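The values are calculated or read from the model by the stated rules, or taken from the named source; none is laboratory data. In this text, all values refer to a predicted model and were calculated from it rather than measured experimentally. Here Cβ is always computed from backbone atoms with ideal geometry, including for glycine, and neighbour counts include all displayed protein chains. Each accessible area value is taken on the protein alone, full model and side chains, heavy atoms only, with ligands, DNA and RNA left out. Shrake-Rupley method; radii C 1.70, N 1.55, O 1.52, S 1.80 Å.
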Amino acid sequence: ASSLNHRGPDDRDFWTEDNHVSLIHTRLSIQDISENGHQPMHSTSGRYVIAFNGEIYNYKEIRSRLDYQFKSNTVSEVLLAAWQAWGAECIDHLIGMFAFAVWDCKNQELHLVRDRLGIKPLYYYQDQDQLIFSSEVRSMLSSEFVPRKLNADAVFDILRYQCVHQPSTIVDGAQLLMPGSHLVLKGGETKIRRYWTAYQAGVNTEIDAAGARKAVFNALHKAVERRLVADVPFGAFLSGGIDSSAIVALMSQVSDKVNTFSISFAEEEFSEARYARMVADKFQTEHHDIQLSPDHFLELLPEALDLMDHPSGDGPNTYVGSKATKDAGITMALSGLGGDELFAGYSIFTRRAQLQRQQWLNM
């Protein structure tokens, strides 16, 4: 639990049943920041206990459908009530980013669930005697149940790609639960099912370009609107690129005040500061320009690496921006992360299409 303090500095507790199952939780308060959000949380029936990390953006809609004596306005209690009412089928109703554990005291079952796209991490290690899980690898190592042995293949991944491809991790034997997956442990037997894949979304072959533009705009607007429901100050990471600029534009339609944060460099050829400023001026945001020099970055690097947990090429950059945002009093920030993957923004997509065309021509 102590190793997770930086992830959840607002609250911490654990629950144990008969010395054979334990849930530990550290909390970063976003929605209903009172003590009512204390976890691990028990259902009114006493059958279920939950440790939850993340956000469920349609929790108010789910809550309105449940006959349950709520004690808080927290997302975790809504999820717990939904699980009590519908069981694992409630997963299909969740819109958000989440990783959570539910212990069923009656059936003696552990359920681990990770969101559809794997935004929230959920690591686990299993041997003949036990299953250990966490939102960080370091806390599993701190338990001393997980051997401290490097995964050699993962080291090669880091050197080649600056990341480790899931489900593998840098620690031998430790794995990531795959996105859109639900793990059940009962009586020493583990089963994993994929409850969602991108293919399930289907393809609309009848839509034209104008209809597609409208559908994308409506989907993005709704997504941003849902994510701005919070009891803490929020902002946005703004690079000046299309992805983050679109997010800021939509935020300005939903909120009267938007805080934006960008990192700039003295070397103009590397800096996107002027583009970020143009977007900030257009939408009249409270803009924060984080000046970063090589020397300052090197000063922050040891702290960034210490807090990063699992190796990532983008980790130090994310840390610098997040630290400045938190120092400005902002607890939650939106970003354009994932836009290039969804809309083929990277040059690798263009090269792949060119190679495909060349292959067809040579056939």
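A few comments on the model shown:
- Ordered by solvent-accessible area of protein heavy atoms (1.4 Å probe), largest first, the residues 221, 25 come out as 221, 25.
- For the stretch 59-123, size of Cβ-based charge dipole, Lys and Arg +1, Asp and Glu -1, in debye: 200 debye
- Shape of the stretch 228-311, Cα gyration tensor, a/c cut at 1.5: oblate
- Alpha-carbon spread of the stretch 289-363, three principal axes, descending order, Å: 57, 24, 24
- By the Cα gyration tensor, the stretch 12-129 has an equivalent ellipsoid whose semi-axes, rounded to whole angstrom, run 21, 16, 15 from largest to smallest.
- Full extension of the chain between residue 303 and residue 129 yields a length gain of 59.1 nm, computed as 0.36 nm times the residue separation minus the alpha carbon distance.
- The stretch 94-160: radius of gyration and largest Cα-Cα distance (Dmax), Å: 14.5, 47
- Share of pairwise Cα separations in the stretch 269-315, more than 13 Å, in percent: 68 percent
- Taking the C-alpha atoms of the stretch 123-211, convex hull volume expressed per residue in Å³: 152 Å³
- Calculated FRET efficiency, residue 66 to residue 190, Cβ-Cβ distance, R0 = 22 Å: about 0.15 to the nearest 0.05.
- Inter-label distance for residue 20 and residue 153, nm, one decimal - labels placed 7 Å from Cα along Cα-to-Cβ: 3.3 nm
- Taken over the alpha carbons of the stretch 212-363 as equal point scatterers, the Debye sum produces base-10 log I(q)/I(0) values at 0.09, 0.16, 0.19 Å⁻¹ of -0.36, -0.98, -1.24.
- Solvent-accessible surface of the chain, taken per residue with a 1.4 Å probe and all protein chains present: 58 Å².
- Portion, in percent, of the accessible area of the stretch 246-355 that falls on carbon or sulfur, probe 1.4 Å: 54 percent
- Just so you know, the averaged projected area of the alpha carbon convex hull for the stretch 175-234 sits at 7.8 nm².
- For residue 232 and residue 254, the FRET efficiency from 1/(1 + (r/R0)^6), where r spans their Cβ atoms and R0 equals 22 Å, is about 0.85.
- Farthest toward the positive end of the dipole of the chain, out of 236, 167, 273, is the Cα of 167, where the dipole comes from beta carbon charges about the Cα centre.
- Net charge dipole size for the stretch 209-363 [Lys, Arg +1 and Asp, Glu -1 on Cβ; Debye, nearest 20]: 1060 debye
- About its Cα centre, the chain has a charge dipole of approximately 1040 debye under the convention of +1 per Lys or Arg Cβ and -1 per Asp or Glu Cβ, with nothing else charged.
- Spatial separation of Cα centroids for the stretch 198-213 and the stretch 89-124, in angstrom: 29 Å
- Computed Rg/Rh of the chain, alpha carbon atoms with Kirkwood Rh: 0.97
- Cα gyration tensor, the stretch 74-228 - rounded (a/c under 1.5), prolate or oblate: oblate
- For the chain, the longest site-free run once GluC sites (Glu not before Pro) in DSSP loop states with at most 15 other Cβ atoms within 10 Å are removed: 1-143
- Spin-label pair residue 357/residue 109, simplified geometry with 7 Å Cα→Cβ offset, distance in nm: 5.2 nm
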